[in-house]
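Okay, so here's the structure we're looking at.
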Amino acid sequence: MPSPLHLPSVVIVGRPNVGKSTLFNAITGQRRSIVGDEPGITRDRIYGEADFYGKKFELIDTGGIIPNDEEMIPTQILKQARVALDQADHIIFLIDGRAEITGTDRDLAKLLRKTGKPVSVAVNKIDSPRRADLLHEFHSLGFEHMFPVSAEHQLGMEEMLTHITRGFPMAEPVDENAPIAVPPIKIAIIGRPNVGKSTLLNVLTGSERAIVSPVAGTTRDAVDETVTQDGVEFMFVDTAGIRRKGKTKLMAEKMSVVMARRHLRMSHVALIVLDATEGVLALDATIAGYAHEEGRAVILCVNKWDLATDKNKRKFMEQIRDNLKFLEYAPIMFVSAHKRAGTGALFPLIKRAYESASRRITTGELNRFVETLQWEYDMKIHYITQTGFRPPTFVVFTGSAGKLHFSAERYLANRLRERFGFEATPLVIKTKRR
């Protein structure tokens, strides 16, 4: 463990143009590093101070290193980087997740292994679950701890920093009875045009920043608004679709999907707004499907309930469950944004959804959980471990190759929800032969 008299030192290393400066800025929350597309912009070590949940550390952005290449990079940069590496408590080895492993990456991996320092491999530019599937290719670099991140969109950062700062001291003594601070929760308000997203945003934020109109596609751009409730920051993004003059309704629908997808990637929780007067339509299912695929916590918000002709909530819920079977985990709220009815209850629900999606369960707890299962399926479970969160991701180690049968996976997910209180969030279950 690093000395408490000095801040622990974390060094970002990687070949030129993999995004080191962007990662530095994302972790420190400041723009000390110049960011650009020209390889080798960072010529010297750049220092910054970062704070991750009370654990402060020094972050160093090194120049892009190309070992054994005197022509492409000044010897001084490699020399400066070596000084930083010698003093490092942890090294972030940043590589480009959109490119194949290069000879420079392999040379750097060799250099870093020789240091004997703890190394975390950050595979950058992984901004969707589909790209995360490419991660296994980088295991050939020979490091145990690997994290998919997007420095530009600040995705995957928390899991990586949790690992890196695990042994770092807290900056100040912590009162164990004090409530744990929750970072700002980012909420994407998504849905078809004209379901009342902007009205809902205005009510939740107490502002009139979003233009409200009965014309579908009134909102021209995304609107961010931050509200503090009971000490928790809620950052809302209104992602209503765009319909330009002379364009068809089809364009408004297409744009609602484009905007929803764009802002889902930046959010923690998705508020999917449905129209009580129209029921659940095909476009609702499409937009909801993107939230599920992105692994976001989801709350289904049935708006305009005051205008519904049939006010049978059970019947409407059945319609939702029939049409959105993949969102069986999502809570349903009935509100009227226009009448300001039921909207206040969304804040504690959003907080619970965020906490649920961020929950970590130890391997010991999961092993005790496995012993309680009434497992009647062919594939034997040896143990389970959690490998990620937002969404909670579990690896099930089994006695044989292949995936769990969907009914076994469903049973396991339901038991995990019951035992550990996972609500409003999808669960990802992967299998691996022991």
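Scoring VAL273 on the criteria (1) out of contact with any Cys (no Cβ under 6 Å at 6 or more places or on another chain); (2) crowded, with 22+ Cβ neighbours inside 10 Å leaves a single failure, condition (1).
Annotation: GLN154 fulfils all but one of (1) buried (at least 20 other Cβ atoms within 10 Å of the Cβ); (2) in contact with a helix residue (DSSP H, G or I) (Cβ under 7 Å, 6 or more places away or on another chain); the unmet one is (1). In summary, TYR354 fulfils each of the numbered conditions (1) touching a helix residue (DSSP H, G or I) at 6+ places or on another chain (Cβ under 9 Å); (2) open to solvent by less than 20 Å² (accessible area, probe 1.4 Å); (3) not hydrophobic (A, V, I, L, M, F, W, C) with the single exception of condition (1).
Any idea which of THR162, THR218 is polar (S, T, N, Q) and modelled with pLDDT of 65 or more? Working first, answer last.
Details: THR218 fails: modelled with pLDDT of 65 or more.
That would be THR162, the only listed residue that is polar (S, T, N, Q) and modelled with pLDDT of 65 or more.
Please go through segment 285-305 and give me each residue that is at pLDDT 95 or above and of a type in the set (D, E, K, R), ordered by number. Across segment 285-305, the qualifying residue is only LYS304.
So is THR226 surrounded by fewer than 18 Cβ atoms within 10 Å (Cβ to Cβ), at pLDDT 80 or above, out of contact with any His (no Cβ under 8 Å at 6 or more places or on another chain) and more than 17 Å from VAL269 (Cβ to Cβ) or not? Quick ask: steps written out before the conclusion?
Numbers: surrounded by fewer than 18 Cβ atoms within 10 Å (Cβ to Cβ): yes; at pLDDT 80 or above: yes; out of contact with any His (no Cβ under 8 Å at 6 or more places or on another chain): yes; more than 17 Å from VAL269 (Cβ to Cβ): no.
Criteria not met by THR226.
Answer with yes or no whether THR277 is in a helix (DSSP H, G or I), of a type in the set (Ser, Thr, Tyr) and in contact (Cβ under 8 Å) with a residue 24 or more places away in the chain. For THR277, the condition - in a helix (DSSP H, G or I), of a type in the set (Ser, Thr, Tyr) and in contact (Cβ under 8 Å) with a residue 24 or more places away in the chain - is not met. Restricting attention to segment 97-129, the residues that are under 29 Å from the mean Cα position of the chain (by Cα) and among the charged types (D, E, K, R) total 7. Counting only residues that are of a type in the set (Val, Ile, Thr), closer than 16 Å to ARG192 by Cβ and surrounded by fewer than 14 Cβ atoms within 10 Å (Cβ to Cβ), segment 282-330 holds 0 of them.
Out of segment 414-426, which residues are without any contact (Cβ under 8 Å) to a residue 60 or more places away in the chain, open to solvent by 20 Å² or more (accessible area, probe 1.4 Å) and closer than 16 Å to THR385 by Cα?
To start, the set of residues in segment 414-426 that are without any contact (Cβ under 8 Å) to a residue 60 or more places away in the chain comprises 414-416, 418-419.
Still in the list and also open to solvent by 20 Å² or more (accessible area, probe 1.4 Å): 414-415, 418-419.
Across segment 414-426, the qualifying residues are ARG415, ARG419.
Here is the figure for segment 194-215: residues that are under 20 Å from ARG261 (Cα atoms) and either modelled with pLDDT of 90 or more or open to solvent by less than 20 Å² (accessible area, probe 1.4 Å) (or both) total 7. Of all residues in segment 366-380, those satisfying the criterion of being touching a residue at least 24 places away in the same chain (Cβ under 8 Å) and either under 13 Å from PHE420 (Cβ atoms) or crowded, with 18+ Cβ neighbours inside 10 Å (or both) are LEU366, PHE369, THR372.
If you take the residues of segment 165-183 that are surrounded by fewer than 12 Cβ atoms within 10 Å (Cβ to Cβ) and not aliphatic (A, V, I, L, M), which of them is modelled with the lowest pLDDT? Applying the filter and picking the extreme gives GLU176.
Kindly establish whether VAL237 is open to solvent by less than 70 Å² (accessible area, probe 1.4 Å), at pLDDT below 90 and either in contact with a Ser or Thr (Cβ under 8 Å, 6 or more places away or on another chain) or closer than 18 Å to LYS351 by Cα (or both). Yes, satisfied.
Would you call ALA401 surrounded by fewer than 13 Cβ atoms within 10 Å (Cβ to Cβ), over 19 Å from the mean Cα position of the chain (by Cα) and over 29 Å from ILE272 (Cβ atoms)? Spelling it out, ALA401 is indeed surrounded by fewer than 13 Cβ atoms within 10 Å (Cβ to Cβ), over 19 Å from the mean Cα position of the chain (by Cα) and over 29 Å from ILE272 (Cβ atoms).
Here is a check on your reading of the model: is ARG82 modelled with pLDDT of 80 or more and open to solvent by 10 Å² or more (accessible area, probe 1.4 Å)? Taking the combined requirement at face value, the residue does not satisfy it. When PRO16 is tested against the conditions (1) closer than 25 Å to THR162 by Cα; (2) open to solvent by 10 Å² or more (accessible area, probe 1.4 Å); (3) at pLDDT 75 or above, the lone failure is (1).
The values are calculated or read from the model by the stated rules, or taken from the named source; none is laboratory data. Worth saying up front: this structure is predicted, and the values here are computed from it rather than measured. Backbone-built Cβ (ideal geometry, glycine too); neighbour counts: all protein chains shown. When the accessible area is computed, the model is the full protein with side chains, heavy atoms only, and any ligands, DNA or RNA have been set aside. Shrake-Rupley method; radii C 1.70, N 1.55, O 1.52, S 1.80 Å.
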